[in-house]
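Have a look at the structure below before the remarks.
The values are calculated or read from the model by the stated rules, or taken from the named source; none is laboratory data. This structure is a prediction, so every number in the text was calculated from the model and none was measured. For neighbour counting, all protein chains shown are included, and Cβ atoms are generated from backbone atoms with ideal geometry for every residue, glycine included. Just the protein is used for accessible areas: all its heavy atoms, side chains included, with ligands, DNA and RNA removed. Shrake-Rupley method; radii C 1.70, N 1.55, O 1.52, S 1.80 Å.
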Amino acid sequence: MEWFKRVTPGLEAQTKKELPDGLWIKCDRCGEILYKKELERNRMVCTGCAFHFRMDSMQYIALLADEGSFEEFNENLSSADPLHFKDSKKYTDRLEEAMAKTGLKEAVRTGECTLAGLPVVMAVMDFRFIGGSMGSVVGEKVSRAIDRAVETRRPLIILSASGGARMQEGALSLMQMAKTAAKLALLAEARIPFISILTDPTAGGTTASFSMLGDVIIAEPGAFIGFAGPRVIKQTIGQDLPEGFQRAEFVQEHGFVDMIVDRRQLKEQIERILVWFVGPARKKPRRAAPKKKSAPEAAETVASAPKRGKAAGEKSAKRTGSSAAKPQTRKNSTTKPASEA
Amino acid sequence: MKNYVPEFEKPIVEIERRIAELREYSASKDLSFSREIERLEEKARQLRQEVYSNLTRWQRVQLARHPNRPYTLDYVRLMMSDFTEFHGDRLFADDPAVVAGIGTLGAISVALIGHQKARDTREKIRRNFGMPNPEGYRKALRLMKLAARFSRPVLCLVDTPGAYPGLGAEERGQAEAIARNLLEMARLPVPIVVVIIGDGASGGALGIGVGDRILMLENSWYSVISPEGCAAILYRDSANAHIAAESMKVAPEDLLEMGVIDRILREPEGGAHNDHAATAATLKAALLEEMEKLAAIPSEELVRRRIDKFARMGVWTE
């Protein structure tokens, strides 16, 4: 076998084209090898094919909230184990693992922040935490976020990333669907806008409750959005599912999503929508008012204008100075004389 | 399926078979076995009581699915003096898996909505085994809004293995249809009484399950997913459904303790399938009682309480 040996030292044999761990990421769709730093700069959107990688709640908060403005609330709510549930693992162990892995207490983070200067209440789900599943805590935190939006009259944004209701809390998880939907009835009554953002995946009980109840529903390209899982459907109908079934584009085509927005334009698009609802952001706070006070005022103007009649008119008159306040003045100039006549 | 007997009922059925045999034999031979028959009847009674007072959660699930169990239209026939069924969601189609209509219960005009299962194969297929498509939920909502406009209370009978996981159902927005109902039912300005009469599976059940009072028949179950579905995912095999049923605590007593339901209705001994009329009578009496109480509450207060009721559900630490 001597002849088989290389006489002169040639190229070093590379065992495999090993990518240094964590530095490079392969695109799930086009196979392009992407430099992680650059991918992150590009909001986890493939520079080759625009495939949207999943993001965690921190990344979404960084994407949407103005820098440093996110003030989390109810972050200490955590799941009890009301059923003493155990499958291959104890539910309490699953929770602990999820906490250790994510540094979160639960599958949703809720807080107040500004988005392009506009004060909002935001709830951002995190798929890494037990598949973003909704149990009592997710339901309660979302409900409290809705309450907060009503109290402060700030628009509500909920970003969904969830496999559905959490089995380990049985019927209590199911009831969170009714609970959050019921709270949204109060939000609608208070005439506070709700923007629902659907990311990959939005499924099951989450889709069938607050996710599908937005005044505006925005989806990320390619996101799975559906009620039943594709495997279950395939089993039920006994045939293959059509290409693109239950993807954002499919769901939009069937009339259940207002728009599909590339993540890199998401913040801008939400800003445009919010301005239509509540008027433009103030460039600078007029006085060094405490944050809590100035925020609700800015959000309040249009949402409550018809109700407040005169007071709202006065406020908008003051605001006509800012260039972007036009739609609002027009609105008031038509409604006000009518109500006074 | 007429002869379907759940495993735990078999010893009782066996004794009953022997009694029948003896009767027949004694009649043909002109002999009296009355004492033996009496003894066996007593034994059957005792055994039934024993079995039925110690049913596991999984056994309750099996009873909830007993093919002779009364379905929505059986209750309609047995408790309402008149009923007119409405069809269609005015958008796409009529969904036979959901029955909706107007009628009279006692002296009250009500709107009634319920999942509908069936007993023979052809009818089962037509009713889609009680699994609604989005049209079912939208038809239900149409009736509810009509009831609200004319100040009539709404009754919902829940009995579904789940919302239909089909291609068309997804295309036509199964999730949206259920979500919409949750929101609209939360703020409907008339009383809503919900009764889980059999299967209470997941969003498909909840889609007509938001109300002021949630009642449950003794041998029914209600949870976030069917025991089989849960077992397939968490226990790797749907044959472990009996374990999942225990773990998820799907029985009425569990749900009463969790605050998910308000009241349990006892069934005749041996289960609702043994006596439709008696079960319907229990149901009717309970419904009239609940509706009388709710009728006294002003609608704004009613809605506020309903929303609060659901807002309180859940267990967490803080």
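Residues checked against (1) under 27 Å from A:Met99 (Cα atoms); (2) in contact (Cβ under 8 Å) with a residue 40 or more places away in the chain; (3) facing chain B (nearest Cβ under 7 Å):
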{"site": "A:Val150", "(1), (2), (3)": "no, yes, no"}
{"site": "A:Glu169", "(1), (2), (3)": "yes, yes, no"}
{"site": "A:Ala203", "(1), (2), (3)": "yes, yes, no"}
{"site": "A:Leu213", "(1), (2), (3)": "no, no, yes"}
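Report, by residue number, each residue of region A:76-116 that is more than 11 Å from every other protein chain (Cβ to nearest Cβ), buried (at least 16 other Cβ atoms within 10 Å of the Cβ) and of a type outside the set (A, V, I, L, M, F, W, C).
Those that are more than 11 Å from every other protein chain (Cβ to nearest Cβ), buried (at least 16 other Cβ atoms within 10 Å of the Cβ) and of a type outside the set (A, V, I, L, M, F, W, C): A:Thr102, A:Arg109, A:Thr110, A:Gly111, A:Glu112, A:Thr114.
Looking only at region A:124-147, count how many residues are within 14 Å of chain B (Cβ to nearest Cβ) and touching a strand residue (DSSP E or B) at 6+ places or on another chain (Cβ under 8 Å).
Number satisfying all stated conditions: 13.
Of all residues in region B:177-199, how many are over 18 Å from the mean Cα position of the chain (by Cα) and more than 10 Å from every other protein chain (Cβ to nearest Cβ)?
Selection size over region B:177-199: 3.
Which condition number does A:Ala190 fail, the rest of (1) in contact (Cβ under 8 Å) with a residue 40 or more places away in the chain; (2) over 17 Å from the mean Cα position of the chain (by Cα); (3) at the interface with chain B (Cβ under 7 Å from one of its Cβ atoms) being met?
(3)
Taking A:Gly226 as the residue in question, decide whether it is out of contact with any Leu (no Cβ under 6 Å at 6 or more places or on another chain), open to solvent by 10 Å² or more (accessible area, probe 1.4 Å) and not acidic (Asp, Glu).
Criteria not met by A:Gly226.
Say whether the condition of being part of a helix (DSSP H, G or I) and either surrounded by 18 or more Cβ atoms within 10 Å (Cβ to Cβ) or modelled with pLDDT of 95 or more (or both) is met by at least one residue in region B:24-32.
No; the residues of region B:24-32 include none that is part of a helix (DSSP H, G or I) and either surrounded by 18 or more Cβ atoms within 10 Å (Cβ to Cβ) or modelled with pLDDT of 95 or more (or both).
Tell me the residue from B:Arg60, B:Arg77, B:Arg69 that is open to solvent by less than 90 Å² (accessible area, probe 1.4 Å) and assigned to a helix (DSSP H, G or I), please.
B:Arg60
Of all residues in region B:201-248, count the ones that are open to solvent by 50 Å² or more (accessible area, probe 1.4 Å) and at positive phi.
1
Looking at region B:33-49, which of its residues are within 23 Å of B:Glu7 (Cα to Cα) and among the small types (Gly, Ala, Ser)?
B:Ala44
Name the one entry in B:Ile125, B:Ile102, B:Ile37 that is over 30 Å from B:Arg152 (Cα atoms), in the same structural domain as B:Asn219 (by TED's automatic domain parsing) and either without any contact (Cβ under 8 Å) to a residue 24 or more places away in the chain or open to solvent by 60 Å² or more (accessible area, probe 1.4 Å) (or both).
B:Ile125
Among helices (runs of 4 or more DSSP H) lying entirely in region A:147-253, which contain 3 or more residues that are among the charged types (D, E, K, R)?
Hits in region A:147-253: A:170-189.
Restricting attention to region B:46-91, and to residues there that are of a type in the set (Ser, Thr, Tyr) and touching a residue at least 12 places away in the same chain (Cβ under 8 Å), which single residue is farthest from B:Leu288 (Cα to Cα)?
Checked region B:46-91; the qualifying residue farthest from B:Leu288 (Cα to Cα) is B:Thr56.
Taking the stated definitions as given, is B:Ala148 touching a residue at least 60 places away in the same chain (Cβ under 8 Å), closer than 30 Å to B:Glu300 by Cα, small (Gly, Ala, Ser) and within 14 Å of chain A (Cβ to nearest Cβ)?
Spelling it out, it is not the case that B:Ala148 is touching a residue at least 60 places away in the same chain (Cβ under 8 Å), closer than 30 Å to B:Glu300 by Cα, small (Gly, Ala, Ser) and within 14 Å of chain A (Cβ to nearest Cβ).
Each row is one residue, and each column tells you yes or no for (1) surrounded by fewer than 23 Cβ atoms within 10 Å (Cβ to Cβ); (2) touching a helix residue (DSSP H, G or I) at 6+ places or on another chain (Cβ under 8 Å); (3) not basic (Lys, Arg).
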residue	(1), (2), (3)
B:Lys117	no, yes, no
B:Asn133	no, yes, yes
B:Arg142	yes, no, no
B:Arg149	yes, no, no
B:Ala186	no, yes, yes
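Pull up region B:274-318, narrow it to residues that are of a type in the set (Gly, Ala, Ser), in contact (Cβ under 8 Å) with a residue 60 or more places away in the chain and open to solvent by 20 Å² or more (accessible area, probe 1.4 Å), then point me to the one that is nearest to B:Pro153 (Cα to Cα).
Ranking the qualifying residues of region B:274-318, first place goes to B:Ala295.
Report yes if B:Glu267 is of a type in the set (D, E, K, R), touching a helix residue (DSSP H, G or I) at 6+ places or on another chain (Cβ under 9 Å), more than 8 Å from chain A (Cβ to nearest Cβ) and in a loop (DSSP other than H, G, I, E, B), otherwise no.
Yes; evaluated as a whole, the condition is true for this residue.
Within region B:215-244, track down each residue that is touching a strand residue (DSSP E or B) at 6+ places or on another chain (Cβ under 7 Å) and more than 10 Å from every other protein chain (Cβ to nearest Cβ).
Once the filter is applied, which keeps residues that are touching a strand residue (DSSP E or B) at 6+ places or on another chain (Cβ under 7 Å) and more than 10 Å from every other protein chain (Cβ to nearest Cβ), region B:215-244 yields B:Leu215, B:Met216, B:Leu217, B:Glu218, B:Ser220, B:Ser226.
May I ask you to verify whether B:Ser53 is among the hydroxyl-bearing types (Ser, Thr, Tyr), closer than 30 Å to B:Asp199 by Cα and open to solvent by 90 Å² or more (accessible area, probe 1.4 Å)?
It is false that B:Ser53 is among the hydroxyl-bearing types (Ser, Thr, Tyr), closer than 30 Å to B:Asp199 by Cα and open to solvent by 90 Å² or more (accessible area, probe 1.4 Å).
Within the set of pairs 6+ apart or on separate chains, which have a first residue in region A:233-259 that is within 23 Å of B:Ile125 (Cβ to Cβ) and free of Cβ contacts under 8 Å to residues at least 12 places away in the same chain, a second that is open to solvent by 80 Å² or more (accessible area, probe 1.4 Å) and assigned to a loop (DSSP other than H, G, I, E, B), and C-beta atoms under 6 Å apart?
Listed by first residue and then by second, the contacts come to nothing, as the list is empty.
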